[in-house]
Amino acid sequence: MKNVMGVINVSKKSGDQLGLLAKHRCIASMPFGGKYRLIDFVLSGMANSGIQNVAVFTREKYGSLMNHLGSGKSWDLSRKQDGLIILPPHSLDGYVLPDFELNSYLAHKDFFDRSSQNTVVVASSNIVCNVSFRDAVRYHEEKGADITVFYSESLPGIAWPLRHNLALNDEGMVLNIVERTNQLLSARVLLEIYILSKPLLMELVEDSAQNRDAGLLTAGIIPNLHNLKVYAYALSRFSAVIDSVDLYYRHSMELLCRQTWEELFFIPGHVQTKFTDEPPARYLEGSAVCGSLLANGCTIAGTVKNSILFEGVKVGQGAYINNSIIMQKCEIGQGAVLDRVILDKDVYVSAGKVLMGDNSKPLVVEKRRIL
Amino acid sequence: MIPKKECIAMLLAGGEGRRMGFLTKELAKPAVPFGGKYRIIDFTLSNCANSGIYTVGVLTQYKPLVLNSHLGNGIPWDLDRKEGGVTILPPFVREKGGEWYRGTANAVYQNLFFIEQHNPCYVLVASGDHIYKMDYSLMIKYHQDKNADATIAAIKVPWKEASRFGVMHTEEDGRITDFAEKPQLPRSNLVSMGVYLFNRKLLTKYLRIDDINPLSENDFGRDVIPLMLQDGCRMFAYPFYGYWRDVGTVESLWEANMDLLAVEPELNLYDQNWRIYTVDPSQPPHYLADTACVEQSMVSEGCNIYGTVRRSVLFTGVQAGEGSLIEESVIMPYVRIGRNVQVRRAIIDEYTEVKDGCRIFNNSHAETPQIILVEENMIIQENSEINR
């Protein structure tokens, strides 16, 4: 993997659908899974696969992301040679391309030029998966592909937002990529993770920049499907794209199944994140917790069912939490009742308060609110 | 030469922990796991970092491999420094041959070159195998205020336990008049916590004197401290009132873990201003299944629990199957417990697998029961019984 570098793209404008949750942060630093941020998943995949040079392209509200990533130490990417680098937005001569994604590549062309690696793994930051890029790069090489795109098979019966679907031949070669809202049973849904050579990436970016077209996918890959060898790589285990509150909630709840928990967090490698030094969770007398995921630092005196509690959450006596996601350092007062609620960080719910989301939509409470 | 640093710490971490049975079979006592995610030495190391002492020598001797890899380059404690940081100091060979550390004082004596290299005003000597939170910077302040040559941290213990420790007698202003290491008949219940602060020059002098004394056992409590007192050094007791445990036995390790389960534990691990740091095990939040029931317990990351857990401490990555009942026990990292297993008043050591239907059971209701200890890396076959 010495010859492979990674690019994590936080520059696409994709936080719009996340409403209050994305008010203070970019989507990459969105808390997920009890202690992680969305970027941890692809970043850990890259680090665990032996990719030593990773750039993170940012666009806006990336303060919390920089705080989270630090020097990259948590991913073993604090290196003299290469390592993790955050590349903030900047425009060339005041000229900003309509799509920030392409702008990032062009603005940071230097980074690509001085990197020694010749193969690039490009990934969007809002994909939750645990993937061995080592296996994927091997597949890419064995197929002799120009580009390898990742996909997962969709689950039926869910209202999906617009997604790109792949049509493949028997060899796994991509014949067509079309956008759809209603996913057919076992449709192949494209995930924005690509493997390609550095020169090809630069070529596609420069060409599409001249065309002043949309993003890498729509301007670079789709128009060239017939003159390039584009192959598809399947993610067979749990994977999710988070770009709406609804999907955030639904995919979070999927972690409350032991098999998914194991698949996502342990296989093929451990997901790494910034270490917070919280002590183990404490269960007091009268606590009743089941079907839930709890991070370190929690103190529980009440009832928690079918919920995800991030680090340092306090649940008072007699409180009842059901089907909810409670982020870092929230405090739930005695006797409070929460059902289908997403509390952002540092929310204080006073004693006896009742908060209910409705069946179609969870109730989202903004960071640091006192209720 | 102008002193480069105010204070450096020398942590004694060579202890074998002979009374801890299998727990110290493969590792030194400071490396024994404690409190759901820590190792005992994390407390002293975190105390150093939180007190602003960033040069720490760790003196190792007995089975140091686990300890060495735990310490690494000191990152978890913010002790990865260009200047100082954490340095592991094992015994080594010299031109005229080498030797093991003969006692606590000798261990520091053999590393005087390390102290000189850092050239501090004060040297803090502390055990790496005690559990407590202490701000050494306050002790340094006390030491300076008293214009002391040496200061010994002191705590009151129940009279019946005093004879296990170094017993001190002080004047009203805290000046030590008498020090007896493990006396049969203690004159006081004020005992040494094994945390000493010395003026560097005086420490060097007395360690050299101690080294050439053929009758000395080269121990701080037994030899160096009494000698300094005899010579009229100004030595003071620094009173400490918090939680402090020297867990020497399986039972006391169990008890110290149980102490954490009190409604208001004396040792508060949740204090944001005095974090206890340790190595990141990179585990996800723990998972409690629909069948799980957990009360009055501590559960760490990476666990997945299907059974019932009461008054217990579950370390990182523990599994417990459906129908199992774990009571008043300490389950060390990555232990796997099958279905319908009963565990009561036991310590199960790291990586052991307890298969379905086993009973590891202590029926005693005594306040200080004998604890069943199950060795690390064992496989306990289905339906086995371990009773006491």
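The values are calculated or read from the model by the stated rules, or taken from the named source; none is laboratory data. In this text the structure is predicted, and so the values were computed from the model without any measurement. Here the Cβ positions follow ideal geometry from the backbone for every residue, glycine too, while neighbour counts run over all protein chains shown. Please note that ligands, DNA and RNA were not included when accessible areas were found on the heavy atoms of the full protein model with its side chains. Shrake-Rupley method; radii C 1.70, N 1.55, O 1.52, S 1.80 Å.
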message: Ignoring ligands, DNA and RNA, please state the percent of accessible area on the range A:4-266 from carbon and sulfur, probe 1.4 Å.
response: 46 percent
query: Between B:GLU83 and A:GLU254, what is the label-to-label distance in nm when each label sits 7 Å out along the Cα-to-Cβ direction?
result: 5.3 nm
message: Below 8 Å between Cα atoms, with a sequence gap of 6+, how large is the relative contact order for the range A:282-365 in percent?
response: 20 percent
- prompt: What total accessible surface area, summed over both chains, is buried at the interface between chains B and A, computed with a 1.4 Å probe and given in Å² to the nearest 100?
  reply: 3300 Å²
query: In whole angstrom, how far apart do the alpha carbon centroids of the range A:321-371 and the range B:329-363 sit?
result: 36 Å
statement: So, with points 7 Å from each Cα along the Cβ direction, the A:LYS274-B:HIS365 label distance in nm works out to 5.1 nm
task: For an R0 of 60 angstrom, estimate the FRET efficiency from the Cβ-Cβ distance between B:LYS205 and A:GLU206 and round to the nearest 0.05.
output: 0.25
field: Rounded if a/c under 1.5, otherwise prolate or oblate - the range A:4-266, Cα gyration tensor axes
entry: rounded
message: Cβ neighbours within 10 Å, averaged per peptide: list B:176-186, B:221-231 in order, most packed at the top.
response: B:221-231, B:176-186
- prompt: Does the protein assembly as shown come out rounded, prolate or oblate, given a ≥ b ≥ c as the square roots of the eigenvalues of its C-alpha gyration tensor, rounded meaning a/c under 1.5 and, failing that, prolate meaning a/b above b/c?
  reply: prolate
- request: On a C-alpha basis, how far is the centre of the range B:131-192 from the centre of the range B:17-76 in Å? Whole number, if you could?
  value: 24 Å
field: Farthest positive-ward along chain A dipole, Cα basis, beta-carbon charges - from A:VAL364, A:GLY269, A:SER78
entry: A:VAL364
- request: Per residue of the range B:139-144, in order, report the coupling 6.51 cos²θ - 1.76 cosθ + 1.60 (Karplus, θ = phi - 60°) as ³J(HN,Hα) in whole Hz, putting x for Gly and Pro.
  value: 5, 5, 4, 4, 4, 5
Listed residue (B:ASN199, B:VAL157, B:ILE348) projecting farthest to the positive dipole end of the protein assembly as shown, Cβ model: B:ASN199
Mean residue ellipticity (222 nm) of chain B, computed from DSSP H runs ≥ 4 via -39,500 (n - 2.57), nearest 500: -5000 deg cm²/dmol
query: In what sequence, highest mean first, do B:80-90, B:262-272 appear when ranked by Cβ atoms within 10 angstrom?
result: B:80-90, B:262-272
query: Considering the dipole of chain B built from charges on the beta carbon (Lys and Arg +1, Asp and Glu -1) around the Cα centre, which of B:VAL374, B:LEU11, B:VAL123 is farthest to its positive end?
result: B:VAL123
- prompt: Picking from B:GLU350, B:GLU251, B:GLU172, which is most flexible by a Gaussian network model of chain B using Cα springs under 10 Å?
  reply: B:GLU172
- line: In degrees rounded to 10, the 0-90 angle between helix B:200-212 Cα long axis and the longest Cα principal axis of chain B is 90 degrees
- request: Answer rounded, prolate or oblate for the range A:282-365, using the Cα gyration tensor with square roots of eigenvalues a ≥ b ≥ c: rounded when a/c is under 1.5, else prolate when a/b is larger than b/c, else oblate.
  value: rounded
query: Per residue of A:268-281, what is the mean number of Cβ atoms on other protein chains within 10 angstrom of that residue's Cβ?
result: 6
field: Around A:ASP358: net Lys/Arg minus Asp/Glu count, Cβ-Cβ under 14 Å
entry: 0
message: Quick check: net charge around A:MET1, other residues with Cβ under 15 Å of its Cβ, Lys/Arg +1 and Asp/Glu -1?
response: +1
- request: On a 0 to 90° scale, report how tilted helix B:41-50 is relative to the longest principal axis of chain B, with both axes built from alpha carbons and the result rounded to the nearest 10.
  value: 60 degrees
statement: Taking Cα pairs closer than 8 Å and at least 6 residues apart, the relative contact order of chain A in percent is 15 percent
- line: Highest mean packing first, using Cβ neighbours within 10 angstrom, the peptides B:19-31, B:150-162 sort as B:19-31, B:150-162
query: A:ARG250 accessible area, nearest 10 Å², 1.4 Å probe?
result: 50 Å²
field: Structure-based [θ]222 nm, chain A - -39500 (n - 2.57) summed over DSSP H runs of at least 4, per residue, nearest 500
entry: -5500 deg cm²/dmol
field: Relative contact order of chain B, pairs being alpha-carbon contacts under 8 Å that are 6 or more residues apart, as %
entry: 14 percent
- line: Surrounding charge for B:LYS355, neighbours by C-beta under 11 angstrom, Lys/Arg +1, Asp/Glu -1, total -1
query: Per residue of B:298-309, what is the mean number of Cβ atoms on other protein chains within 10 angstrom of that residue's Cβ?
result: 4
statement: Rounded to the nearest Å, the spacing of the alpha-carbon centers of the range A:199-277 and the range A:1-60 is 10 Å
task: Extending each Cα 7 Å along its Cβ direction at A:HIS24 and A:LEU168, get the distance between those two points in nm, one decimal.
output: 4.2 nm
- request: Could you work out the mean count of beta carbons from other protein chains within 10 Å of each residue's beta carbon in A:285-296?
  value: 6
- request: Please work out the average accessible area per residue across chain A, using the 1.4 Å probe convention, and give it in Å².
  value: 39 Å²
- prompt: What is the dipole size for the protein assembly as shown, taken about its Cα centre, with +1 at each Lys and Arg Cβ and -1 at each Asp and Glu Cβ, in debye to the nearest 20?
  reply: 640 debye
